Amino acid sequence: MRAVQLSNLIWQVNAHNPGPFTLMGTNTFIVGTGKHRVLIDTGDGMQPTYFEELRSVLRDRMDDARISAVLITHHHADHTGGISQLVSDPLIASSDLINQAKLPNTSQNPNDASPNVGVFANIRGTDAFSKYQDTVNIYPLHSSPNLYKNFEHFKVQQQQAITSDAEATEKFRTSILAQLRSPENFSVRVAGNPDTDAGACTISVLPTPGHTDDHVAFYLHEEHVMFSGDCILGSNSSSIFTNLRLQIQSLEHLELLQLAVICPGHGSIIDDAPTAQLRRSINHRLGREQKIVDVIRSFPAPTNNSPPGIAFDDLFDATYGKLDGEKLVRGAKFNLTNHLDKLIYENKIIKTVAQNSSFYKIAPQL
């Protein structure tokens with residue numbers, strides 16, 4: 001798949017690493033119009049054709065531009081594996097980025113880095129980036145502590161029918177977008193024309209945990225576009241997640257923003273009613289959850305001589321049916337485990353471990 005210009009500000013460059021979980025490959029994105037641009041995610045670093053593609057598009061389609069900042073959505077190798085090679089390649093990275101990547105990063109204070117130059121990721125509280133930090137400085141992203149609180153407060157207002165009209169929703173959306181630009185929330189400004197600054201743009205971080213704890217998305221203000229990483233995928237595909245409760249919250253937060261376009265980490269661009277696609281993804285997860293509850297509920301009540309609930313493997317077969325491929329089965333079992341963890345957290349089901357197996361039954365109050 002060749003590099004594709006999606007808009008005046010965005011180019012999509014596929015990382016050439018197709019697979020069961022990466023679909024057609026990891027999507028990476030170049031943002032900007034000037035000599036110094038931003039790259040979102042870096043592929044797995046194992047495909048020479050990807051780096052050739054980056055060099056080619058920067059040289060031939062972007063007037064010999066360079067990447068001055070790299071923004072990482074999360075720590076998975078198919079999004080981070082290219083970091084080291086990218087920041088050492090003078091035909092891809094700007095001299096400032098190459099130098100910044102080599103600088104000692106002793107304090108890990110985001111103010112130590114130029115806000116517009118460097119490699120940035122949500123590295124706080126995780127050692128997932130340590131394998132890169134031996135050779136590359138990765139600076140921590142910082143986000144406004146009020147973002148999550150305001151999203152959740154507005155959701156409660158909607159659920160209680162306190163706020164439901166379009167005017168209130170737009171007022172909330174405007175407030176959130178202003179918070180994304182606030183000094184306490186990480187943003188990178190991408191310069192445009194050196195004389196007029198035409199084509200300049202701003203990208204801000206939005207925490208979207210769920211797929212991984214460190215997951216973030218990036219919002220392009222000028223085009224109302226969200227680079228979603230693996231929070232939501234294109235091509236009607238489902239994402240793996242480590243925390244379903246947080247995953248659904250993140251999808252709901254994106255839904256409230258009423259985005260024009262979503263550029264996902266895998267699959268096709270979501271430019272046809274992205275808000276509706278987010279709702280479908282939420283409903284898919286909630287529907288799967290209800291099916292799990294229904295299967296558990298239908299299992300005969302435990303007796304003295306019976307298992308203490310339905311066994312995990314039986315629950316998996318009844319919920320997912322037959323799946324082809326070991327990786328797909330492993331991914332589905334991982335998701336089922338996280339569905340069950342959410343239901344246990346919400347006191348909807350009870351887990352019992354017996355004879356080296358896990359069994360599940362409906363909690364008494366249900």
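The values are calculated or read from the model by the stated rules, or taken from the named source; none is laboratory data. Here the structure is a predicted model, which means the values were calculated and not measured. No Cβ is skipped: glycine too gets one built from the backbone with ideal geometry, and neighbour counts run over all protein chains shown.
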Inset, instruction - Please give the number of the condition Ser281 fails out of (1) touching a helix residue (DSSP H, G or I) at 6+ places or on another chain (Cβ under 7 Å); (2) part of a helix (DSSP H, G or I); (3) assigned by the TED database to the domain that holds Thr22. - result: (3)
Legend entry - Verdict on Asp230 being surrounded by 17 or more Cβ atoms within 10 Å (Cβ to Cβ) and closer than 24 Å to Pro20 by Cα: yes
Inset, instruction - Determine the pairs where a residue that is without any contact (Cβ under 8 Å) to a residue 60 or more places away in the chain and farther than 13 Å from Asp314 by Cβ, located within segment 352-363, has a partner that is in a loop (DSSP other than H, G, I, E, B) and not polar (S, T, N, Q) with Cβ atoms under 7 Å apart, the partner being 6 or more residues away or on another chain. - result: Thr352/Pro308; Thr352/Gly309; Ala354/Pro308; Ala363/Lys348
Legend entry - Residue satisfying condition, being in contact with a Gly (Cβ under 6 Å, 6 or more places away or on another chain) and surrounded by fewer than 24 Cβ atoms within 10 Å (Cβ to Cβ), within set Gly81, Gly43: Gly81
Inset, instruction - Sort through Leu177, Leu147 and tell me the only one that's among the hydrophobic types (A, V, I, L, M, F, W, C), within 30 Å of Lys35 (Cα to Cα), within 21 Å of the chain's Cα centre (by Cα) and part of a helix (DSSP H, G or I). - result: Leu177
Inset, instruction - Specify the residue that is surrounded by the most Cβ atoms within 10 Å (Cβ to Cβ); the eligible residues are those in segment 244-265 that are farther than 19 Å from Gly331 by Cα, in contact with a helix residue (DSSP H, G or I) (Cβ under 7 Å, 6 or more places away or on another chain) and not hydrophobic (A, V, I, L, M, F, W, C). - result: His253
Inset, instruction - Go through segment 13-36 and give me each residue that's surrounded by fewer than 18 Cβ atoms within 10 Å (Cβ to Cβ) and part of a strand (DSSP E or B). - result: Gly19
Legend entry - Val188 vs. criteria of a type outside the set (Ser, Thr, Tyr) and either out of contact with any Phe, Trp or Tyr (no Cβ under 7 Å at 6 or more places or on another chain) or in a loop (DSSP other than H, G, I, E, B) (or both): yes
Inset, instruction - Return a yes/no flag: does segment 281-289 have any residue that is under 21 Å from the mean Cα position of the chain (by Cα) and either hydroxyl-bearing (Ser, Thr, Tyr) or more than 29 Å from His253 (Cβ to Cβ) (or both). - result: yes
Inset, instruction - Working only within segment 1-50, note down all residues that are in contact with a Lys or Arg (Cβ under 8 Å, 6 or more places away or on another chain) and under 18 Å from Ala69 (Cβ atoms). - result: Trp11, Ile30, Val31, Lys35, His36, Arg37
Legend entry - Close pairs (7 angstrom Cβ cut-off, 6 or more residues apart or separate chains): in contact (Cβ under 8 Å) with a residue 40 or more places away in the chain and under 13 Å from Phe172 (Cα atoms) in segment 142-156, part of a helix (DSSP H, G or I) and among the charged types (D, E, K, R) anywhere: Lys155/Glu252
Inset, instruction - May I ask you to say which residue of Lys342, Lys333 is touching a residue at least 60 places away in the same chain (Cβ under 8 Å) and assigned to a helix (DSSP H, G or I)? - result: Lys342
Inset, instruction - Looking only at segment 298-325, count how many residues are modelled with pLDDT of 95 or more and either on the phi > 0 side of the Ramachandran plot or surrounded by fewer than 15 Cβ atoms within 10 Å (Cβ to Cβ) (or both). - result: 0
Inset, instruction - Can you tell me which residue within segment 187-212, out of those that are among the hydroxyl-bearing types (Ser, Thr, Tyr) and within 17 Å of Leu177 (Cβ to Cβ), is farthest from the chain's Cα centre (by Cα)? - result: Thr202
Legend entry - Flag if Asp64 is on the phi > 0 side of the Ramachandran plot and modelled with pLDDT of 95 or more: yes
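Pick from Pro209, Pro183, Pro194: which is touching a residue at least 24 places away in the same chain (Cβ under 8 Å) and either within 29 Å of Ala65 (Cβ to Cβ) or surrounded by 24 or more Cβ atoms within 10 Å (Cβ to Cβ) (or both)?
Being touching a residue at least 24 places away in the same chain (Cβ under 8 Å) and either within 29 Å of Ala65 (Cβ to Cβ) or surrounded by 24 or more Cβ atoms within 10 Å (Cβ to Cβ) (or both) holds for just one of Pro209, Pro183, Pro194, which is Pro194.
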